[in-house]
Amino acid sequence: DTAVSQTPKYLVTQMGNDKSIKCEQNLGHDTMYWYKQDSKKFLKIMFSYNNKELIINETVPNRFSPKSPDKAHLNLHINSLELGDSAVYFCASSQDLGIAFFGQGTRLTVV
Amino acid sequence: EDQVTQSPEALRLQEGESSSLNCSYTVSGLRGLFWYRQDPGKGPEFLFTLYSAGEEKEKERLKATLTKKESFLHITAPKPEDSATYLCAVQGTNFGNEKLTFGTGTRLTIIP
């Protein structure tokens, strides 16, 4: 039973399209995150939600909009996709300080 | 702003050849330093948490240590299955800021 699952695993789309990535955790954690990992493997936080409330919003273009319908789900919607959005996006959840459980990642390729 | 620098970027070792990975950090008050392992095509997997200088944690062939400015991940007699990218991250004491700041990792390859 996967702890943090995100779909899809791969996403190839054209510039200008809108796409969503879904994430669900069955660990009962209060905090969920979206991270972006670029081609150089640098992992940077984008958003953090605690009990459905946004608590961290790094300097991310407003084309990226997270939505948390309940504390087990955190989705990421991206409007008007650009080439530079190509990356691997990781969802994670956490209950204890700094100990995050990551999903398998969604490799987004914008062509 | 919190910063984490890891070295070397890549390391190739023969099976059984011990070595250390370095993580240097600057943070406005350290709440915790974390080591993660990432295998290709997968998300990072938590290994250790260190909270204060002098602390050490061990797991199988891995030992993590912490000083006021850096952390080391010592790998003793590694096996090919230890090959992975090892990520270091810090969390500062900025209240309400739960984010982890990651380094770019060390890609470790153990040659049989």
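FYI, it's all coordinate maths here, none of it is from the lab. What you see is a predicted model; the values in this text were computed from it and never measured. FYI the Cβ positions are ideal-geometry reconstructions off the backbone, even for glycines, and counts take in every protein chain you see.
Filtering region A:30-45 down to residues that are within 22 Å of residue A:67 (Cα to Cα) and without any contact (Cβ under 8 Å) to a residue 40 or more places away in the chain, which residue is nearest to the other protein chains (Cβ to nearest Cβ)? Once the filter is applied, the top-ranked residue is A:45. Does residue B:101 fit the bill of being more than 27 Å from residue A:35 (Cα to Cα) and in contact (Cβ under 8 Å) with a residue 40 or more places away in the chain? Here the answer is no, as residue B:101 does not meet what is asked. Mind listing whichever residues of region B:65-82 are within 14 Å of chain A (Cβ to nearest Cβ) and without any contact (Cβ under 8 Å) to a residue 40 or more places away in the chain? Result: B:66, single match. Within region B:65-82, the set of residues being buried (at least 18 other Cβ atoms within 10 Å of the Cβ) and part of a loop (DSSP other than H, G, I, E, B) comprises B:78 only. Taken over region A:50-85, the criterion of being over 14 Å from residue A:36 (Cβ atoms), among the polar types (S, T, N, Q) and over 13 Å from the mean Cα position of the chain (by Cα) is satisfied by A:50, A:51, A:62, A:79, A:80.
Restricting region B:43-64 to residues that are among the small types (Gly, Ala, Ser) and outside any strand (DSSP E or B), the residue that is farthest from the other protein chains (Cβ to nearest Cβ) is B:54.
Taking the criterion of being under 25 Å from residue B:5 (Cβ atoms) and surrounded by 15 or more Cβ atoms within 10 Å (Cβ to Cβ), the residues of region A:48-85 that qualify are A:48, A:56, A:60. Specify the residue that is nearest to residue A:10 (Cα to Cα); the eligible residues are those in region A:85-99 that are small (Gly, Ala, Ser) and in a loop (DSSP other than H, G, I, E, B). By that ranking, first place goes to A:86. Residues that are surrounded by fewer than 16 Cβ atoms within 10 Å (Cβ to Cβ) and touching a Lys or Arg at 6+ places or on another chain (Cβ under 8 Å) were ranked within region A:24-43; the one that is farthest from residue A:96 (Cα to Cα) is A:38.
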